[in-house]
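Single-structure report; data block below.
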Amino acid sequence: MKITLLFLGKTKAEYQSAIENFQKKLRPFCELEIKVLKDEKVHRDIGKVLKKEEKRILETLSEREFLIVLDEKGKIFDTLNFSQWISSTSSQVGSLTFLIGSSYGLSEAMKKRANLLLS
């Protein structure tokens, strides 16, 4: 199974060790790839920012990619059910891509493109 974590923006230094620890723990269970895309600069037109970030994300994804968007309004799993869902879904689709938006979030089009919104 392959898991891709795709996010916009730089990782703060204090989180880097946590990410490395997370990678180390997952390595025996799956292939983990982390992709960091450049986020847009602060701008008063948030819609324009989200549209540019959406374009950048879509250029990275394949049309068939199973996309899980992290969103506060998404589905909530407990640990056991989430584990079972990942196992079942990954056996059907092969790889999973988790998308985390920038500080502005994600466009509605990106949320609609998602196969799952996950809280």
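The values are calculated or read from the model by the stated rules, or taken from the named source; none is laboratory data. Since the model is a prediction, treat every value here as computed from it, not as a measurement. Methodologically, a virtual Cβ is constructed for each residue, glycine included, from the backbone with ideal geometry; neighbour enumeration extends over all protein chains shown. Remember, those area values only see protein heavy atoms, side chains included, never the ligands or the DNA or RNA. Shrake-Rupley method; radii C 1.70, N 1.55, O 1.52, S 1.80 Å.
Assorted remarks:
- Members of segment 1-29 that are under 15 Å from Ser103 (Cβ atoms) and not in a helix (DSSP H, G or I): Phe7, Leu8, Gly9, Lys10, Thr11, Lys12
- Enumeration of residues in segment 32-46 that are of a type outside the set (A, V, I, L, M, F, W, C) and without any contact (Cβ under 8 Å) to a residue 60 or more places away in the chain: Glu33, Lys35, Lys38, Lys41, His43, Arg44, Asp45
- With respect to the stated conditions, Leu32 fails to be part of a helix (DSSP H, G or I) and open to solvent by less than 50 Å² (accessible area, probe 1.4 Å).
- Lys112 satisfies every condition listed in (1) within 27 Å of His43 (Cβ to Cβ); (2) touching a residue at least 40 places away in the same chain (Cβ under 8 Å); (3) of a type outside the set (Val, Ile, Thr) except (2).
- Subset tally (residues that are touching a residue at least 12 places away in the same chain (Cβ under 8 Å), under 20 Å from Leu67 (Cα atoms) and out of contact with any Ser or Thr (no Cβ under 7 Å at 6 or more places or on another chain)) for segment 4-26: 3
- Scan of segment 58-69 for residues that are under 15 Å from Ser102 (Cα atoms) and open to solvent by 70 Å² or more (accessible area, probe 1.4 Å), ordered by number: Leu58
- Residue in segment 39-57 that is open to solvent by 50 Å² or more (accessible area, probe 1.4 Å), assigned to a strand (DSSP E or B), out of contact with any Phe, Trp or Tyr (no Cβ under 8 Å at 6 or more places or on another chain) and under 16 Å from Phe98 (Cα atoms) present: no
- Among (1) in contact (Cβ under 8 Å) with a residue 24 or more places away in the chain; (2) under 16 Å from Lys111 (Cα atoms); (3) not acidic (Asp, Glu), the one test that Phe29 misses: (2)
- Number of positions in segment 74-112 that are part of a helix (DSSP H, G or I) and open to solvent by 60 Å² or more (accessible area, probe 1.4 Å): 11
- Restricting the first member to segment 71-87 and to residues that are within 21 Å of Cys30 (Cα to Cα), and the second to residues that are open to solvent by less than 100 Å² (accessible area, probe 1.4 Å) and in a loop (DSSP other than H, G, I, E, B), the beta-carbon pairs closer than 7 Å and six or more apart or on different chains are Trp85/Phe77.
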